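The values are calculated or read from the model by the stated rules, or taken from the named source; none is laboratory data. What you see is a predicted model, and the numbers here were worked out from it, not measured in a lab. Positions of Cβ are generated from backbone atoms using ideal geometry, with glycine treated the same way; all protein chains shown enter the neighbour counts. What goes into the accessible areas is simple: the full protein's heavy atoms, side chains included, and nothing from ligands, DNA or RNA. Shrake-Rupley method; radii C 1.70, N 1.55, O 1.52, S 1.80 Å.
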Amino acid sequence: LIYTVDDLVDFLEDVADGAANKNARLMADLDVSDVDWAVVWPTAKANNEFRGSFNGGSHKIINFRYSEGANSGAPFGLFRTLGQDAVIRDLTFEHVSVNCPASDSVGVCAGVLKSITTLSNVRIADGTVTGASNVGGIVGWLTGGTTTNYAVINNCINFCFIVTTSSICISSDI
């Protein structure tokens, strides 16, 4: 159970360290404006996927802010990559600012969403997400789906601005 910002950071650091199948439930609205996301998700761990369940409990993550530095080029989101069987639900982000002008696969909830993953009732209330390509409000890039092996995105909505910096870019409003 996640009650505090420290609890959230501990959970995400465990995922970054390879604990892919962890499950968590957010128990309160959290203002994460003081979190250094480059420390939580260092580039060396950018390929570690989350394959567990994160229940937002209808709570909010507020002031999710990141500006690219040493992590240039890596996918970025609260979860860098959502892997097979990951479930994110009942979560709202307010006042987001993600600035990764040299990175591909940039979103607030996840940089990359792989097949057999579920997003349900995820909402981005406001803000801006910037990336080179594969940029979205909720998810930057959806990959690996087939007609029998796909992601489920249900009742999700994005109200943030999406900015791409590449002359050849792909963006989505997921």
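Overview of results
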{"quantity": "Relative contact order (percent, whole number), the chain, Cα cutoff 8 Å, 6+ residue spacing", "calculated": "17 percent"}
{"quantity": "Proximal charge balance of Thr81 [Cβ under 10 Å; K/R count +1, D/E count -1]", "calculated": "+2"}
{"quantity": "Full-stretch length increase - Ala28, Tyr150 - with 0.36 nm per residue and alpha-carbon distance subtracted", "calculated": "40.8 nm"}
{"quantity": "The chain - convex hull of the alpha-carbon atoms, volume per residue in Å³", "calculated": "93 Å³"}
{"quantity": "Accessible area of the chain divided out per residue, in Å², using a probe of 1.4 angstrom", "calculated": "44 Å²"}
{"quantity": "Sequence-distant residues sharing a close amide H with Ile162 (under 5 Å, placed H)", "calculated": "Val129"}
{"quantity": "Charge dipole magnitude, Cβ of K and R +1, D and E -1 - the chain, Cα centre, debye nearest 20", "calculated": "520 debye"}
{"quantity": "Linear extension gain, Ile157 paired with Asn47, 0.36 nm per residue minus alpha-carbon span", "calculated": "37.0 nm"}
{"quantity": "Contour excess over end-to-end distance, with Cα ends at Ser67 and Asp17 and 0.36 nm allotted per residue", "calculated": "15.8 nm"}
{"quantity": "Aspartates and glutamates with Cα under 16 Å of Lys114, excluding same-chain neighbours fewer than 8 positions away", "calculated": "Glu49, Asp85, Asp104"}
{"quantity": "Residues of the range 29-63 with amide N under 11 Å of the 7 Å Cα→Cβ point at Ala125", "calculated": "29-31, 59-63"}
{"quantity": "Hz values of 3J(HN,Hα) by residue in the range 132-143 - Karplus curve (6.51, -1.76, 1.60), Gly and Pro given as x", "calculated": "6, 7, 6, 10, x, x, 8, 9, x, 9, 9, 9"}
{"quantity": "Segments 18-29, 104-115 sorted - mean Cβ within 10 Å per residue, highest first", "calculated": "104-115, 18-29"}
